[in-house]
Amino acid sequence: MFDFIGSLFGGNPHKTKGLQLLEDRLFEEAVEELKHAHEKSNGREESILLGLGHAFFELKRFSESIEYLKIAADNASTINPVPSIMLGYAYLKTDNVEEAENSIRKALKIDVKHPAARYYMGLILLKKGNIDAATDEFEEVIAEKPTFVQARLLAIGEMFIMSRENK
């Protein structure tokens, strides 16, 4: 009864606590709170889905991350590329390059200049061995957001880490 009254006033204490735990980088605890929040919501609340996806991602539980990020991306507004970007990166971490590319392309349809989407597309193209196209993506990142000057170095580092994880 009191949960219902609280929901009338917009309160979901599990969501609030879960997002705070996520911010505090307490990922296991965040998952527990956000799962409770997810149960109390309509199951489609973007901030909860993204929070769960992020927490599972940080815990390197990528398949669970993908599960929530897929729902968030499918239900995202046509002006928010973030769920598709996060989903694409999670797919990339599982070496599902085709799904990663599909997700990032979906994000780029929403915002063709989004630096993170361009950056992850560059990583995907590097993984596929298309260095010239990847370089073009990183140059777009730098042109759009000069604080991404390290994009090439980050990409090289990311590819090194990914190759080490695969061994």
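Charge tally around A55: other residues with Cβ under 10 Å, Lys/Arg +1 each, Asp/Glu -1 each, net -3. Can you pick out the pairs among K15/K109; K15/K113; K70/K93; K113/K145; K70/K128 whose Cα atoms lie more than 20 Å from each other? Table pairs above 20 Å Cα-Cα are K15/K109; K15/K113; K70/K128.
Specify whether the C-alpha gyration tensor of region 13-75 places it in the rounded, prolate or oblate class, a ≥ b ≥ c being the square roots of the eigenvalues: rounded for a/c under 1.5, otherwise prolate if a/b is larger than b/c and oblate if not. Oblate is the answer for region 13-75, as a/c is 1.5 or above yet b/c matches or exceeds a/b.
A Cβ-based charge dipole, computed about the Cα centre of region 13-75 with Lys and Arg at +1 and Asp and Glu at -1, lands at about 80 debye.
Please rank V141, V31, fewest neighbouring Cβ atoms within 10 Å first, as an exposure proxy.
V31, V141
Only the coordinates and a few stated rules stand behind these numbers; no lab work does. Predicted model only: the values in this text are computed from it and were never measured. Heads up, the Cβs are rebuilt from the backbone with ideal geometry, glycines too, and the neighbour counts pull from every protein chain shown.
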